[in-house]
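Step one of this worksheet: look at the structure below.
The values are calculated or read from the model by the stated rules, or taken from the named source; none is laboratory data. Only a predicted model underlies this, so the values are computations on that prediction, with no experimental measurement involved. Here Cβ is always computed from backbone atoms with ideal geometry, including for glycine, and neighbour counts include all displayed protein chains.
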């Protein structure tokens, strides 16, 4: 029977992997990109359920790391490193937030900020080509 490590043990295996990488590069790591297949292999899992990942993430926090799903891969970031990132405060757009609360904000003004806006253009072109 194949053993499946507990979420705590998975956190420890991750820390061991980071330790091995740091030794091979002689540099401390504050962030890492991890393919899903790497995590499955590392943690002896066929799939990574949401419940399992939530428990692993809790142990990661205890160990000073954050695990994030980034679309097609996972990222791990040391929480100490995050403390040095620039802070963003909602005060910068206070008037706009007030308009949102009142139900008076025009969200169309923000569409240029969305990554999906460029994807909509792709789908519009695809639809147009299908009609031709």
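Would you be able to say whether some residue in region 104-122 is touching a helix residue (DSSP H, G or I) at 6+ places or on another chain (Cβ under 7 Å), assigned to a loop (DSSP other than H, G, I, E, B) and over 30 Å from residue 17 (Cβ atoms)?
yes
List the number of the failed condition for residue 8; all other conditions in (1) touching a residue at least 24 places away in the same chain (Cβ under 8 Å); (2) within 21 Å of residue 81 (Cβ to Cβ) hold.
So residue 8 meets the others, but not (2).
Would you confirm, using the coordinates I've provided, whether residue 38 is without any contact (Cβ under 8 Å) to a residue 40 or more places away in the chain and closer than 29 Å to residue 6 by Cα? Reasoning before the result, please.
On the way: without any contact (Cβ under 8 Å) to a residue 40 or more places away in the chain: yes; closer than 29 Å to residue 6 by Cα: yes.
Answer is yes for this residue.
Against the condition at pLDDT 95 or above, exposed (fewer than 11 other Cβ atoms within 10 Å of the Cβ) and over 29 Å from residue 39 (Cα atoms), how does residue 104 come out, does it pass?
Yes; evaluated as a whole, the condition is true for this residue.
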